[in-house]
Amino acid sequence: MHKYFNSHPWSSDASLYYRDYIVEMGNYRAPPGVEGLKQSFFAMFDHSFKSTDFSAQPYRGALFTLSCACLPFVRGPGRLWLIVGILHLSIFLWFLQLRLDRYLVAYMPAMAAVAVAIAVLAWRTSLAARVSVFALFAFHTLWGLGMFATGAPSNQYRNVLDFLQAAAANNPDAGMGNLARFEHAGKSMARDALVLVHDTTLHAGLNHASVNDWPRAETGIAGYGRLDSPGAVYRLLRGLGITNLLWDLNYGDDSVAGDLRFYEFAVRYAAPTVIDGLWVGKMPNKAPPEATGEPELIANLACDGKYAPGLYPFSAMTVPNPRDARQPSYPRPLEPITVATEGTALDRAAFVVFQPNCGFSDGPIHDRQFEHIGQRSNNAFVLFARKASP
């Protein structure tokens, strides 16, 4: 809609990240036109036999679909037919729009009720029908046991068992699982805290108002890499009313420069502590230094096929990092870096991006007064900044 309305705020990178997210969602949407309508129609009858999510096999059982095949042979009331019709229409629209399993969950209680209702009606008709109902439920149960060997569902069942054990032991975190650490982090903050949740959407249990800066889901923060100093980061976050920072793993969705600028500010000026694996910091009382006007260089010691190893101006590494959209072009370095010239390049750099197994050593980085400030892309890259002068 930003094409037609004056959207505000709307950062310079928001359009690319928006397209990136839409490309990903398009993988779970029926194709346009008649073909999409055709696939959505047949999905009403075969959706429970095909995978529509992230697994090689379906997460859903087929009792609803199989039971509906029996409905014409039992004396079902009109309201049961109405419910079955509404559910099939819902499946049609679900498959047409976004066929992720989690969006079908809302209909499953009604599906289960229909399966039970038809089973009861069939059970009342004859002995042969009772045998058939028993055989159907028994076969379906045995067929569904394979679900326990599938990654995501088996983890959920394990979490249920962990919850029962924790509840029996009166553990106050029973049922919270991995979210308990957000609750613990939230308890360390003032009652009126406004928390910047960095680079992730997961923060249930925090119990505070929050601002999210995940590039794929917000449009207001113009990328930390486009800010010229820690002072500029401070002014941006203070203008949003942020009082605390919270971050965990880094998914690498922001630009390289964006990660360097954020972690430079967060590690040096927000005095972070670690609570259950989460980094928690507090906005400084006074503004950090502004830009000095001297050019900042980044020594890129990585070989991921995007930025070539070399020295780059800070502003050159602000290219967004989409997941699914067409990759943007990446600039060439001011100077290439080889193993032989690594030390000389580090002497001139303000930041370092280091990727293991690229032929470079991290020894010279530590020898030249750099400090570790963070990780990038699930720890595939290590980020360093030159230590501030005493």
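The values are calculated or read from the model by the stated rules, or taken from the named source; none is laboratory data. Keep in mind that what you see is a predicted model, and the values were worked out from it rather than measured. Here Cβ is always computed from backbone atoms with ideal geometry, including for glycine, and neighbour counts include all displayed protein chains.
Couple of notes before you dig in:
- Of the residues making up the stretch 329-370, those that are touching a strand residue (DSSP E or B) at 6+ places or on another chain (Cβ under 6 Å), outside any loop (DSSP other than H, G, I, E, B) and within 23 Å of SER229 (Cα to Cα) are ALA345, LEU346, ARG348, PHE351, VAL352, VAL353, PHE354, ILE365, PHE370.
- If only residues of the stretch 9-53 that are more than 30 Å from THR201 (Cα to Cα) and of a type in the set (A, V, I, L, M) are counted, the one that is surrounded by the fewest Cβ atoms within 10 Å (Cβ to Cβ) is VAL34.
- Set TYR312, TYR224: member being at negative phi, outside the structural domain of SER361 (by TED's automatic domain parsing) and among the hydroxyl-bearing types (Ser, Thr, Tyr): TYR224
- Unique residue being more than 26 Å from the chain's Cα centre (by Cα), surrounded by 14 or more Cβ atoms within 10 Å (Cβ to Cβ) and of a type outside the set (D, E, K, R) when the list is TYR251, TYR269, TYR307: TYR269
- Boolean, SER90 is in the same structural domain as HIS47 (by TED's automatic domain parsing), hydroxyl-bearing (Ser, Thr, Tyr), under 22 Å from GLU35 (Cα atoms) and more than 25 Å from the chain's Cα centre (by Cα): yes
- Single match in ARG158, ARG181 (criterion: in a helix (DSSP H, G or I) and in contact (Cβ under 8 Å) with a residue 24 or more places away in the chain): ARG181
- Options THR219, THR200; residue that is within 29 Å of TYR307 (Cβ to Cβ) and out of contact with any helix residue (DSSP H, G or I) (no Cβ under 9 Å at 6 or more places or on another chain): THR200
- Residues of the stretch 363-390 that are surrounded by fewer than 16 Cβ atoms within 10 Å (Cβ to Cβ), closer than 15 Å to LEU301 by Cα and either touching a residue at least 12 places away in the same chain (Cβ under 8 Å) or more than 33 Å from the chain's Cα centre (by Cα) (or both): GLY363, ASN379, ALA380.
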